[in-house]
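Each remark here refers to the structure printed beneath this line.
The values are calculated or read from the model by the stated rules, or taken from the named source; none is laboratory data. On a predicted model such as this, the values are computed, not experimentally measured, just so you know. We place every Cβ from the backbone using ideal geometry, glycine too, and count neighbours over all the protein chains shown.
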Amino acid sequence: MPTQTLDIESLKKKAVVFRRDILETLETAGSGHPGGSLSAVEIFLTLYGYQINHKPLDPSWEGRDRVIVSKGHVSPVVYVTLANFGYFPKEELKTFRKFGSRLQGHVHTKVPGVEFNTGSLGHGLSFANGIALGARMRARNFKVYCVTGDGELQEGSVWEAAMSAAHYKLDHLCTIVDYNKVQENGPTNEIKNLEPLGKKWAAFGWHVIEIDGHSIEALKKAFDEFSITKGKPTVIIANTVKGKGVSFMEGKSAWHGKAPNKEQLAEALKEL
Amino acid sequence: MDSRFRRNDKEQMEIKPTPTRDGFGEELVALGKINPNVVVTSGDLEDATRAEYFKKEFPDRFFNLGITEQDVVGTAAGLSTQGYVAFATSFAVFLTNRAYDMIRMDVCYNNLNVKVVCSHGGVTVGEDGASAQCLEDFAIMRVLPHMRVICPADYIEAKKATRAITNTFGPFYMRTSRAPLPIITKEEDVFDIGKANILREGKEATVIACGVMVSEALSASDRLKAEGISLKVVNMHTIKPIDVDMIVSCAKETGALVTAEEHQMAGGLGSAVAEVLGQYYPCPLEIVGVKDSFGESGSPAQLLAHYGLKDINIIEAVKKVITRKISHK
């Protein structure tokens, strides 16, 4: 059971707060990655607000579930999640990407709650596997979650790791793919087609759950299913919308790695 | 009698040349017995790296992840977070080159307790040819923050180095040899990470060598002695952190340095020594190494000769550097 479980209504309210915080954080920073942050809001919210065992005031607690953010560029949603759950003061979000800040451009373990420095794609799953193997050897009962992007799945290293997780039957490991269908220079399936994505993971020996990644109810159900799945790792393919919640950002590769200016922020906040 | 097989004492002559990979493999088993936290990942080359000795004794702490070098490093990084000393093993070319980003990001940037230990360094890999002969690992490993780089000179030193990196937290890269190397150190010699060992005292010049080239340097010193030239010989087993004090004191004492390594001339031991000399005590330096080329198939002895990695090449460099020292004054 998670340390701190929120009901659906408060999670939904929090999603709005998260999106606002993400946009404001990016505007203040003047750079960063809104598209994949906004698409992953419900994923992180449901993880931290429903699924995982964690103690925000004791981030190195040994029994915590591990969340590995393989798509390290979505630091805005990660830091906003951690700040909102009390890992560090929200005020600090204003320092994002600034010199001397703990809040590095890509997720960094300087930030309480971050498990692994990332930023180069295709690293998270092997690392998560290693944690899961180590935990099993130590008879530690925590679970390991790995959040990946979809463009990231073009990295061959992801599939090396996918084979290992299935081979070692890491059923305490869950990968969540933020399948927002857009990468830096265009639609993911035009640049290098990932489909049939669910079948690929299934063929690699994973238990596959495909859902609407903006539905907190669906995410909760998927995590529940992961918790009772034995003998194989689980992948949740969360179908999402890049830039979700801001009409002029939705589905636009241009908003993969560009911060809104003041006017754009004001416009975006009106929509939330 | 081949002078390459001895250091200072005659009894050493009885010892059979042994690959440094054997020292690694055997010591890993010894460490596994006393330290339950030692774990190993392998890219399906444990037979070659000698990590299989560990696999046989401790199958539950060994993971052959298949031919997936990136996964071999990344998984080791993850394992280390659970309190393990994680060894990531394969051929030097495969881990340091193919999995470079994993070594950079997962191991070094995260500063984790991972030991990247690779066999098949240098041209002495032999018949497999250039694709398997790693000649750039020192260069690309030593530029990574947090990474320390070690290349033992013989089987005995490989065992000590394996123990030392196990007992020292953080990222390490260690290169071992496929080829049998002469035994030139002694059990009682001290091995400290970052502290070079003086094997011979001498006045005219110093040779600073690592790996297989240490025995070549000793042989060069024997042969030069016959010509009346006294050569100081230093075993620089740790390429990073480089032993600055040793380099500066050798420069002050002998006024001329030669480095010798089974590696590209660019970026390796020679470069590391040049960086120290340039900053702290400029003096003539000659670098013996592979001259910007790939290896090829052949026996280790043929290849060492072909690529200019023999005692005679060190002798040539010593004579040259001594001439430069005189004109330098």
| Which of the residues belonging to segment A:224-256 are more than 16 Å from the chain's Cα centre (by Cα), assigned to a loop (DSSP other than H, G, I, E, B) and either at negative phi or of a type in the set (S, T, N, Q) (or both)? | A:THR229, A:LYS230, A:LYS232, A:PRO233, A:VAL246, A:SER247, A:PHE248, A:MET249, A:GLU250, A:LYS252
| query | What is the one condition in (1) closer than 22 Å to B:ILE150 by Cα; (2) out of contact with any strand residue (DSSP E or B) (no Cβ under 6 Å at 6 or more places or on another chain); (3) in contact (Cβ under 8 Å) with a residue 60 or more places away in the chain that B:VAL276 does not satisfy? | reply | (3)
| note | Checked A:VAL107, A:VAL67, A:VAL111 against criteria (touching a Cys at 6+ places or on another chain (Cβ under 9 Å), within 14 Å of another protein chain (Cβ to nearest Cβ) and at pLDDT 95 or above); the one match is A:VAL67
| Which ones in segment B:133-173 are surrounded by fewer than 23 Cβ atoms within 10 Å (Cβ to Cβ) and either within 20 Å of B:GLY267 (Cβ to Cβ) or touching a Cys at 6+ places or on another chain (Cβ under 6 Å) (or both)? | B:GLU136, B:ALA139, B:ILE140, B:ARG142, B:VAL143, B:LEU144, B:PRO145, B:HIS146, B:MET147, B:ARG148
| request: Would you please name the residue that is farthest from A:GLY151 (Cα to Cα), looking only at residues in segment A:119-128 that are outside any helix (DSSP H, G or I) and more than 7 Å from chain B (Cβ to nearest Cβ)? | output: A:GLY119
| remark: A:GLY105 passes all but one of the listed conditions (1) buried (at least 22 other Cβ atoms within 10 Å of the Cβ); (2) assigned to a loop (DSSP other than H, G, I, E, B); the exception is number (1)
| query | Can you name every residue in segment B:313-328 that is at pLDDT 95 or above and surrounded by 14 or more Cβ atoms within 10 Å (Cβ to Cβ)? | reply | B:ASN313, B:ILE314, B:ILE315, B:GLU316, B:ALA317, B:VAL318, B:LYS319, B:LYS320, B:VAL321, B:ILE322, B:ARG324
| What pairs can you find where one residue is in segment A:129-144 and facing chain B (nearest Cβ under 7 Å), the other is among the basic types (Lys, Arg), and their Cβ atoms are less than 6 Å apart, with a gap of 6+ or different chains? | A:ILE131/A:ARG66
| query | Among the listed residues A:SER37, A:SER31, which satisfies the condition of being closer than 27 Å to A:PHE99 by Cβ and part of a loop (DSSP other than H, G, I, E, B)? | reply | A:SER31
| When A:GLY151 is evaluated against the numbered criteria (1) closer than 18 Å to A:GLN51 by Cβ; (2) more than 14 Å from every other protein chain (Cβ to nearest Cβ); (3) not hydrophobic (A, V, I, L, M, F, W, C), which criterion, by number, is the only one it fails? | (1)
| If you take the residues of segment B:281-295 that are more than 10 Å from B:MET265 (Cβ to Cβ) and touching a residue at least 60 places away in the same chain (Cβ under 8 Å), which of them is surrounded by the fewest Cβ atoms within 10 Å (Cβ to Cβ)? | B:PHE294
| field | Output for segment B:117-137, where each listed residue is touching a Phe, Trp or Tyr at 6+ places or on another chain (Cβ under 8 Å) and in a strand (DSSP E or B) | value | B:VAL117, B:CYS118, B:SER119, B:CYS134
| request: Name the residue, out of A:GLU263, A:GLU250, that is farther than 30 Å from B:VAL73 by Cα and surrounded by 16 or more Cβ atoms within 10 Å (Cβ to Cβ). | output: A:GLU250
| Could you give every pair whose Cβ atoms fall below 8 Å, whose first residue belongs to segment A:85-102 and is in contact (Cβ under 8 Å) with a residue 24 or more places away in the chain and assigned to a loop (DSSP other than H, G, I, E, B), and whose second residue is loosely packed, with under 15 Cβ neighbours inside 10 Å and among the hydrophobic types (A, V, I, L, M, F, W, C), counting only separations of at least 6 or pairs across chains? | A:GLY86/A:LEU57
| note | From the option list A:ASP178, A:ASP171, A:ASP150, single residue qualifying as surrounded by 18 or more Cβ atoms within 10 Å (Cβ to Cβ) and farther than 30 Å from A:ARG97 by Cβ is A:ASP171
| said: So A:ILE191 ticks every box in (1) surrounded by 14 or more Cβ atoms within 10 Å (Cβ to Cβ); (2) within 21 Å of the chain's Cα centre (by Cα) but one. Which box is left unticked? | reply: (2)
| said: Being under 20 Å from the mean Cα position of the chain (by Cα), part of a helix (DSSP H, G or I) and either farther than 15 Å from B:ILE287 by Cβ or of a type outside the set (S, T, N, Q) (or both) is the filter here; which residues of segment B:307-329 pass it? | reply: B:ASP311, B:ILE314
| said: I'm checking my understanding of the structure. Among residues of segment B:69-108 that are surrounded by 24 or more Cβ atoms within 10 Å (Cβ to Cβ) and hydroxyl-bearing (Ser, Thr, Tyr), which one is nearest to the other protein chains (Cβ to nearest Cβ)? | reply: B:THR75
| task | Sort through B:GLY298, B:GLY268, B:GLY228 and tell me the only one that's buried (at least 21 other Cβ atoms within 10 Å of the Cβ) and either more than 30 Å from B:GLY129 (Cβ to Cβ) or not aromatic (Phe, Trp, Tyr) (or both). | result | B:GLY268
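This table checks each residue for (1) farther than 16 Å from A:PHE142 by Cβ; (2) at pLDDT 95 or above; (3) buried (at least 24 other Cβ atoms within 10 Å of the Cβ).
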site: A:SER10; (1), (2), (3): yes, no, no
site: A:THR25; (1), (2), (3): yes, yes, yes
site: A:THR28; (1), (2), (3): yes, yes, no
site: A:GLY36; (1), (2), (3): yes, yes, yes
site: A:GLU42; (1), (2), (3): yes, yes, yes
site: A:LEU45; (1), (2), (3): yes, yes, yes
site: A:GLY49; (1), (2), (3): yes, yes, yes
site: A:LEU82; (1), (2), (3): yes, yes, yes
| query | Do we have B:GLY202 as without any contact (Cβ under 8 Å) to a residue 60 or more places away in the chain and outside any helix (DSSP H, G or I) here? | reply | yes
| task | Note down all Cβ pairs under 7 Å where the first residue falls in segment A:209-223 and is under 15 Å from A:LYS14 (Cβ atoms), the second is of a type in the set (Ser, Thr, Tyr) and part of a loop (DSSP other than H, G, I, E, B), and they're at least six residues apart or on different chains. | result | A:HIS214/A:THR240
| request: Filter segment B:207-266 for residues that are of a type in the set (Gly, Ala, Ser), within 17 Å of the chain's Cα centre (by Cα) and assigned to a helix (DSSP H, G or I) and give the result. | output: B:SER215, B:ALA217
